[in-house]
Every structure is written in structure tokens, then in C-alpha cells.
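To keep things clear, I will list the structure first and then write my remarks on it.
No lab work stands behind these numbers, since they all come straight from the coordinates. Here the structure is a predicted model, which means the values were calculated and not measured. Quick reminder, even Gly has a Cβ in these numbers, built from the backbone with ideal geometry, and neighbours come from all protein chains shown.
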Amino acid sequence: MKETSTIDQPKPLTVPTSRTARQRLLKQIFNNTTLYVFLAPALIYLILFHYLPLYGLQIAFRDFSPAKGIWNSTWVGMKYFEKFLDSYSFWTLLKNTLFLSLYQLAVGFPFPLILALVLNYTPIPWLKKTTQTITYAPHFISIVVLVGMMFVFLSPTNGIVNIVIRELGGKPIDFLGDPDIFRHLFVWSGVWQTMGWSSIIYIATLAGVSPELHEAAIVDGATKLRRIWHIDLPMLMPTAVILIILSVGQVMNVGFEKTFLMQTPPNLSHSEVISTYVYKIGLQGAQYSYASAIGLFNNLINFIVLIAVNKLANKTTQHGLW
């Protein structure tokens, strides 16, 4: 007589039906109604101002006329994309945009990180708080005020900087009129304005580092530089990689407001970027289809770069947006 096995036979897997999945989803929504109510305004804003306007992207492929409307305007395909790529200003705009953006990224990225590390190792509480307040304050100055301050302080006639230069026997310098100086002013004024605010996320990350790691390192005789290199920087790496990916994903979007406000006829050869060109072509020149095509091209480049950099970051550092 064969013995019967006491081992339970595995039950067949049941694949949930779409109806079961819908019921489960509705139950979860009902159980978390309050959270979804808080989420609703942001979701509505996202749909109204970020997704519905995508309908208008088709004017980049049409010879748009406000009198005819979007649907009745003539379809021209890639005409305006080809026009932009073949234009004499394409390479100048691309060079200026990439130079300012990469210069800003190369200089602007390390300073908040260094500031966070310095503040983290500052032993005097009042000095730490004072430094934080001083470095945070410029963030709350508007771009218009910041550019106005530069025009006042750097004026070649009565700016305080040129007054000092004249008193020292030098010749006044037109800082905002010099194309090469414009680039340095644009980038370093941005570092001054955003360094303190951008360091907050790094300071918060450093606050989460276990003190036991530092205590063990001190017992082993590690210096501050060694502790920064072997403890703090590895802890900051995931956050830093995410911020780099987000910054590189906006490589073609140099700040329009600041660039446009700092433009003068003498520095236009270095200050004209894609965003200011789109404004002039689209709103001042009323070439809506051409401006839309340029803007769409700009965003497509950003999207491709974002995907590529995120993939590279996942392979090299094991950290990424997704």
C-alpha cells in the first residue's frame, strides 16, 4: 500500500482579473482619500499648465496664422526645423548656450558641496549660523534686482568699481559691454546667488551620517580630510549624482531672464542664446511657428541628454533618477 505524501500540493496561481485590480485600486483610493485630496491641486496644475499646452506643439509643424487657428493652418512638416539648422546664427546660438551652461555647471556644482562640508566641520555654532545666513540671503534677491545691482556697481561712468579703478590710476572698464567679461559675470554672480541655498540639501544629507562612523575613524587616527574622503563624500554621492543629472538635463536651458537682462549691443555676440533668440523671434518678430520649432528642438536635445546621462550614471555609480 502506497504511503500518501503529507506535503501540501502547491495551489495554482490565480491571475487577478482587471475587475479585481480596479476594485483593489478603488479601495486604496478610498482608504487614502485625504492624501489624494492633497495631491489633486498639484495634479490639476500639472495637467492644465504642462500637459494640455502640448496640444499647441503642432504649430512647429504648421505655417501658423492666428486668423486661421491651429487646425486650419497649413501643414509644412519639418520646414522650420530645417530653416533653423541651416540659419547662419545656429552654430553661434548653440555655442553660446552650451558654453554658458557647461561653464555654469562646472563652477556652480562644487561650491555648494564645499560650503556644506566646511559648515559641517565648523566647531563654532555662532560662526556656522552667521555664515549660513549670509550665504542664504542672496537667494532671495530677484534676478531683476541682481542685474540692476551689477549695472549700478559696474557702470563705466559712476560705478563704485570703476571709481576705485580710476582712483588707483587705471582706466574704466565696461564690464557688461565686454563679451568675454559678460560670461564670467553671468556665471559667478549665479554662484554667489545660489551657492548657499543649493548647499542645504548637502547639509541635510551630512546630518544623516552616523556619528559612529566618524568616532571609529577618529579612533583609527583619521584626519578630517580622510574622514571627508572616506565617509562624507560617499554618503553625498547619491545626492550629488541626482543633482548633476537634473542639471545636465537642462543643459540647453540657460536662464532666460538673467541673460536677456544682461544683454547689451556690445556683448550680444556672446550673450545671445537659444532662449533669448526664441523670445525675439516668437514674441517680438511674431514668427510663432519658427519659434515653436526652435523651442521644441531645444527640449528634445535636453530630453536625449537627460536619458543618456542617467544611463551613464547608472552604469558608473549605480545611482540614477530611475
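Of the residues Ala286, Ala293, which is among the small types (Gly, Ala, Ser), closer than 21 Å to Met78 by Cα and out of contact with any helix residue (DSSP H, G or I) (no Cβ under 6 Å at 6 or more places or on another chain)? Only one candidate qualifies: Ala286. If you check Ser199, Ser247, Ser210 for being surrounded by fewer than 18 Cβ atoms within 10 Å (Cβ to Cβ), of a type in the set (Gly, Ala, Ser) and in contact (Cβ under 8 Å) with a residue 40 or more places away in the chain, only one passes: Ser247.
Residues of the range 72-84 that are in contact (Cβ under 8 Å) with a residue 40 or more places away in the chain, closer than 11 Å to Ile294 by Cα and of a type outside the set (Phe, Trp, Tyr): Lys83 alone.
What is the residue count in the range 37-85 for residues that are among the hydroxyl-bearing types (Ser, Thr, Tyr) and surrounded by 11 or more Cβ atoms within 10 Å (Cβ to Cβ)? Lay out the reasoning, then the answer.
Looking only at the range 37-85, we keep the residues that are among the hydroxyl-bearing types (Ser, Thr, Tyr), and these are 45, 51, 55, 65, 73-74, 80.
Among the residues that remain, those that are also surrounded by 11 or more Cβ atoms within 10 Å (Cβ to Cβ) are: 65, 73-74, 80.
Adding up the residues that qualify gives 4.
In this structure, Trp322 does not satisfy being in a helix (DSSP H, G or I) and surrounded by fewer than 13 Cβ atoms within 10 Å (Cβ to Cβ). Highlighted here are the helices (runs of 4 or more DSSP H) found entirely within the range 139-219 that include at least 1 residues which are of a type in the set (Ser, Thr, Tyr): 179-198, 200-207. Restricting the range 107-147 to residues that are aromatic (Phe, Trp, Tyr) and surrounded by fewer than 12 Cβ atoms within 10 Å (Cβ to Cβ), the residue that is farthest from Val241 (Cα to Cα) is Trp126.
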